[in-house]
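Below is one structure, written out as structure tokens; the observations come after it.
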Amino acid sequence: MHITEHCVVALTWVLQDTLGEELDVLDEPVDFLVGGDDLLARLEQALQGHAAGDSLALHLEPEDAFGDYDENLLFLEPRSAFPAEIEEGMIIEGAHLPADLAGRLPREPLYTVAQIYPDHVVLDGNHPLAGIALRLQLKVHAVREATEEETERRSAGTGFFRLGA
């Protein structure tokens, strides 16, 4: 079976930046819905027509991957608005921001606690890979028809680099 819209593909991959540093390795095949919300649009386009056993090497510019880095998604917020146990690198869903911040900051992004200072915290609403060109080595392990539930849900259960979800 060849990959088309609304099928499920089992993939493994190695993701690197353009300097060759490994950013993510998926050793065991994971199912993704093509034509849903699981994969980047550029990745879905590249997979069309391929079958189990095929390998692909892709170069993704930021606009084809996680977008350009947006300085407008950096927020300097009072340290007093956060719990004492907050740590750099933590991910906070926009919907779960402290009450003092929830009305002022966009609720859609996931925020990374970028830096903590005595009086303030820097929140970054950019995807951790925003602004980075990527190299992706993919292998297709299996292709199957999507179930009705997967099609309705627009997912086979795993999204491409969805943090915290």
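By other beta-carbon atoms within 10 Å, ranking His127, His50 with the fewest at the front produces His50, His127. The helix-only estimate of mean residue ellipticity at 222 nm for the chain, built from DSSP H runs of length n ≥ 4 each weighted as -39500 (n - 2.57), is -2000 deg cm²/dmol after division by the residue total. Shape verdict for the range 71-124, please, from the Cα gyration tensor: rounded (a/c under 1.5), prolate (a/b greater than b/c) or oblate. Cα axes put the range 71-124 in the rounded bin. Exposure proxy shown here: for Val140, Val122, Val8, the number of other Cβ atoms within 10 Å sets the order, fewest to most, as Val122, Val140, Val8. Extending 7 Å from Cα along the Cβ direction at Met90 and again at Thr4 yields two label points whose distance is 4.9 nm. Where in the range 1-23 is the amide nitrogen less than 15 Å from a point lying 7 Å along the Cα-to-Cβ axis of Ala51? Backbone N within reach: 1-4. Under a 5 Å amide H cut-off, with hydrogens placed 1.01 Å from N, His141 pairs with Ala10, Leu11, Thr12, Gly53 among residues at least 5 apart or on other chains. Each residue of the range 60-74 was assigned a 3J(HN,Hα) from its phi angle through the Karplus curve 6.51 cos²θ - 1.76 cosθ + 1.60 (θ = phi - 60°); the sequence is 10, 6, x, 5, 8, 10, 10, x, 6, 5, 10, 5, 6, 9, 9 Hz, with glycine and proline shown as x.
May I ask you to compute the full-extension gain from Arg79 to Arg104, defined as 0.36 nm times their residue separation minus their alpha-carbon distance, rounded to one decimal in nm?
On the way: separation 25, 0.36 × 25 = 9.00 nm, distance 1.55 nm.
That works out to 7.5 nm of additional length.
In this label model, Val25 and Lys139 are separated by 1.2 nm, measuring between points 7 Å along each Cα→Cβ vector.
Just checking the listed ones, Arg135, Arg153, Arg144: in the Gaussian network model of the chain with Cα springs under 10 Å, the one fluctuating most is Arg153. Comparing Cα centroids, the range 120-153 and the range 28-83 end up 4 angstrom apart.
No value in this document is a laboratory result; all are computed from the given coordinates. The model shown is predicted, which means the values in this text are computed figures rather than measured ones. Don't worry about glycine lacking a Cβ; one is built from the backbone with ideal geometry, like all the others, and counts go over all protein chains shown.
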